[in-house]
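A.B. asks: Take a look at this one; I'll ask things after.
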Amino acid sequence: MGFFDKLRAELIDIIEWVDDSRHTLVWRFPRYHNQIKNGAQLIVRPGQMAVFVHRGQVADTFEEGHYTLKTDNLPILSTLAGWKYGFDSPFKAEVYFVSTRQITDLKWGTPNPVTFRDPDYGPMQVRAFGNYVLRAIDPKILLKELVGTDSSFETDEITEFMRAEIAAAFQAIVGEAQKSILDLSAATREFSEDLRQEVCERIDDEMGLEVPALQIVNFSLPPEIEEMLQTRARMNIVGNLEEYQRYQTSEAIRAAAENPAGGGATEGLGLGMGFAMAGNMMNNLNRGFGGGGGATAAPPPPPTVQWHVAVNGQTQGPFSPQQLQAGISSGQVTPETQVWNAGLGGWTPAGQVPALSSMFGATPPPPPPPPAP
């Protein structure tokens with residue numbers, strides 16, 4: 001290589017950055033000891049900005065475009081280098097390319113639970129996670145505050161800082177929220193925008209960065225809190241527990257009646273449930289006739305006779321007379337059903353007990369035969 005060829009190799013006449021990465025924020029042009037040639041070509045592609053630094057001081061900034069470097073478009077560098085009447089010789093300067101496009105698919109999350117004061121349930125711990133978008137808006141501040149003398153600055157070097165800033169902003173937003181924990185998921189979009197604005201206020205003037213988009217993907221609660229909320233939701237769906245129990249009892253009786261092959265256990269179950277439902281109905285009637293509200297409580301009724309019923313060799317009961325009447329009306333207790341109470345000497349068919357025989361009523365005679373054709 002001749003002397004002049006070597007000299008030309010030492011001079012840089014094209015300055016550009018072909019960005020083939022997706023997470024590089026700042027990249028320094030590898031000048032080494034080469035000097036920039038007078039009249040060199042500067043190529044700044046879309047989504048980039050070029051910044052010239054002379055002896056540690058930020059000089060001129062170029063947006064996207066194709067430039068021929070002259071004193072006309074390097075006014076600050078010309079002043080710093082003392083070029084009063086232009087320059088003809090090569091010069092030395094560091095050139096940094098800053099990516100101004102949006103860097104997506106960045107993740108964030110709360111490393112520790114954040115205290116949320118629910119107006120209904122009180123203080124509880126909540127976590128959140130999501131994603132955000134980062135973009136450089138002021139290359140000069142970015143170079144001064146973050147990059148320094150690094151030849152390349154990746155988003156990995158700032159993600160931990162961003163996660164901490166987002167987590168701190170999330171804690172501030174949640175602490176001021178006046179919503180119930182049950183409304184957080186419905187207000188995700190509102191919370192996301194408030195969080196994004198809070199983060200931007202923290203980093204735009206200090207770091208030269210902005211967050212064009214931020215999303216909260218999910219809120220999460222401790223497992224025990226989620227279980228309690230699900231239990232309460234199920235209770236709200238059930239509504240009136242007493243009515244729900246009556247409905248379940250009636251459904252069980254209907255199922256037992258539709259399954260006569262269920263055997264003695266099914267019959268006993270249906271009989272017991274029928275008596276229980278009759279007892280509930282009687283209690284409701286008693287409450288309806290002055291048993292509730294603010295009225296003066298009536299004296300307790302006298303003790304009633306308690307009946308036991310034999311079903312398939314098993315004793316069912318005790319049952320009140322009203323419950324036994326309900327069993328007779330439904331056909332579950334017949335005159336041949338064995339009953340017993342403390343006043344009887346032993347098990348006796350119900351139709352032979354004077355206190356119960358009147359409940360069965362008169363048995364109608366068999367119907368007349370159909371007329372002859």
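A.B. asks: Report the residue count in region 183-203 for those that are surrounded by 15 or more Cβ atoms within 10 Å (Cβ to Cβ) and either under 16 Å from Ala168 (Cα atoms) or not assigned by TED's automatic domain parsing to the domain that holds Leu134 (or both).
C.D. replies: Total meeting the criteria: 10.
A.B. asks: Does region 72-85 hold any residues that are in a loop (DSSP other than H, G, I, E, B) and modelled with pLDDT of 80 or more, and which are they? Steps first, answer last, please.
C.D. replies: Our first condition is that a residue be in a loop (DSSP other than H, G, I, E, B); within region 72-85, this holds for 72-74, 82-85.
Passing the criteria: Asp72, Asn73, Leu74.
A.B. asks: Return the pairs, sorted by first residue and then second, in which the second residue is surrounded by fewer than 19 Cβ atoms within 10 Å (Cβ to Cβ) and not polar (S, T, N, Q), the first residue lies in region 39-57 and is on the phi > 0 side of the Ramachandran plot, the beta carbons are less than 8 Å apart, and the residues are 6+ apart or on different chains.
C.D. replies: Pairs found: Gly39/Asp13; Gly39/Lys70; Gly47/Asp19; Gly47/Glu64; Gly47/Arg101; Arg55/Leu80.
A.B. asks: Out of all the residues in region 75-88, is one or more of a type outside the set (S, T, N, Q), more than 30 Å from Leu195 (Cα to Cα), surrounded by 20 or more Cβ atoms within 10 Å (Cβ to Cβ) and outside the structural domain of Ala177 (by TED's automatic domain parsing)? So that I can check it myself, show each step before the final result.
C.D. replies: If we filter region 75-88 for residues that are of a type outside the set (S, T, N, Q), which is where we start, we get 75-77, 80-88.
Now restrict to residues that are more than 30 Å from Leu195 (Cα to Cα): 75-77, 80-88.
When the remaining residues are screened for being surrounded by 20 or more Cβ atoms within 10 Å (Cβ to Cβ), the result is 77.
Those left that are additionally outside the structural domain of Ala177 (by TED's automatic domain parsing): 77.
Checked against the condition, which is being of a type outside the set (S, T, N, Q), more than 30 Å from Leu195 (Cα to Cα), surrounded by 20 or more Cβ atoms within 10 Å (Cβ to Cβ) and outside the structural domain of Ala177 (by TED's automatic domain parsing), region 75-88 yields at least one hit.
A.B. asks: Please count how many residues of region 317-340 are under 60 Å from the mean Cα position of the chain (by Cα) and part of a loop (DSSP other than H, G, I, E, B).
C.D. replies: 7
A.B. asks: Looking at region 125-181, which of its residues are closer than 30 Å to Thr61 by Cβ and of a type in the set (Ser, Thr, Tyr)?
C.D. replies: Result: Tyr132, Thr149, Ser151, Ser152, Thr155, Thr159.
A.B. asks: Now for a separate question. When the residues of region 154-183 are narrowed to those that are in contact (Cβ under 8 Å) with a residue 60 or more places away in the chain, of a type in the set (A, V, I, L, M, F, W, C) and in contact with a strand residue (DSSP E or B) (Cβ under 7 Å, 6 or more places away or on another chain), which ends up nearest to Asp118 (Cα to Cα)?
C.D. replies: Per the criteria, the residue is Ile181.
A.B. asks: Shifting gears a bit: Yes or no: region 184-192 includes at least one residue that is among the aliphatic types (A, V, I, L, M) and either outside any loop (DSSP other than H, G, I, E, B) or touching a His at 6+ places or on another chain (Cβ under 7 Å) (or both).
C.D. replies: In the first step, residues of region 184-192 are kept if they are among the aliphatic types (A, V, I, L, M); the result is 184, 186-187.
Narrowing further to those that are either outside any loop (DSSP other than H, G, I, E, B) or touching a His at 6+ places or on another chain (Cβ under 7 Å) (or both): none.
Checked region 184-192: no residue is among the aliphatic types (A, V, I, L, M) and either outside any loop (DSSP other than H, G, I, E, B) or touching a His at 6+ places or on another chain (Cβ under 7 Å) (or both).
A.B. asks: Under 7 Å between Cβ atoms, at least 6 apart or on separate chains: pull out the pairs that start in region 124-142 with a residue that is farther than 26 Å from Thr188 by Cβ and assigned by TED's automatic domain parsing to the domain that holds Trp108 and end on any residue that is small (Gly, Ala, Ser) and assigned to a strand (DSSP E or B).
C.D. replies: The qualifying pairs are Ala136/Ser99; Leu142/Ala136.
A.B. asks: Please find, among His66, His54, His33, His23, the residue that is modelled with pLDDT of 90 or more and more than 17 Å from Asp138 (Cβ to Cβ).
C.D. replies: On the way: His54 fails: modelled with pLDDT of 90 or more; His33 fails: modelled with pLDDT of 90 or more; His23 fails: modelled with pLDDT of 90 or more.
Testing whether each residue is modelled with pLDDT of 90 or more and more than 17 Å from Asp138 (Cβ to Cβ) leaves just His66.
A.B. asks: Okay, next question. Counting only residues that are basic (Lys, Arg), at pLDDT 85 or above and in contact with a Gly (Cβ under 9 Å, 6 or more places away or on another chain), give me the strands (runs of 3 or more DSSP E) lying completely in region 87-128 with at least 1 of them. First the steps, then the outcome.
C.D. replies: Details: elements: 94-99, 103-109, 114-118.
Once the strands (runs of 3 or more DSSP E) in region 87-128 are filtered for at least 1 residues that are basic (Lys, Arg), at pLDDT 85 or above and in contact with a Gly (Cβ under 9 Å, 6 or more places away or on another chain), what remains is 103-109.
A quick yes/no check of all residues on (1) over 22 Å from Gln215 (Cα atoms); (2) touching a Cys at 6+ places or on another chain (Cβ under 9 Å); (3) not hydroxyl-bearing (Ser, Thr, Tyr):
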site: Val26; (1), (2), (3): yes, no, yes
site: Ile36; (1), (2), (3): yes, no, yes
site: Ile43; (1), (2), (3): yes, no, yes
site: Pro75; (1), (2), (3): yes, no, yes
site: Pro90; (1), (2), (3): yes, no, yes
site: Gln102; (1), (2), (3): no, no, yes
site: Pro111; (1), (2), (3): no, no, yes
site: Met124; (1), (2), (3): yes, no, yes
site: Tyr132; (1), (2), (3): no, no, no
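A.B. asks: Now a separate question. Do we have any residue at all in region 90-108 that's surrounded by fewer than 13 Cβ atoms within 10 Å (Cβ to Cβ) and of a type outside the set (D, E, K, R)?
C.D. replies: no
The values are calculated or read from the model by the stated rules, or taken from the named source; none is laboratory data. Predicted model only: the values in this text are computed from it and were never measured. Every residue, glycine as well, gets a Cβ built from its backbone with ideal geometry; the counts of neighbours run over all protein chains shown.
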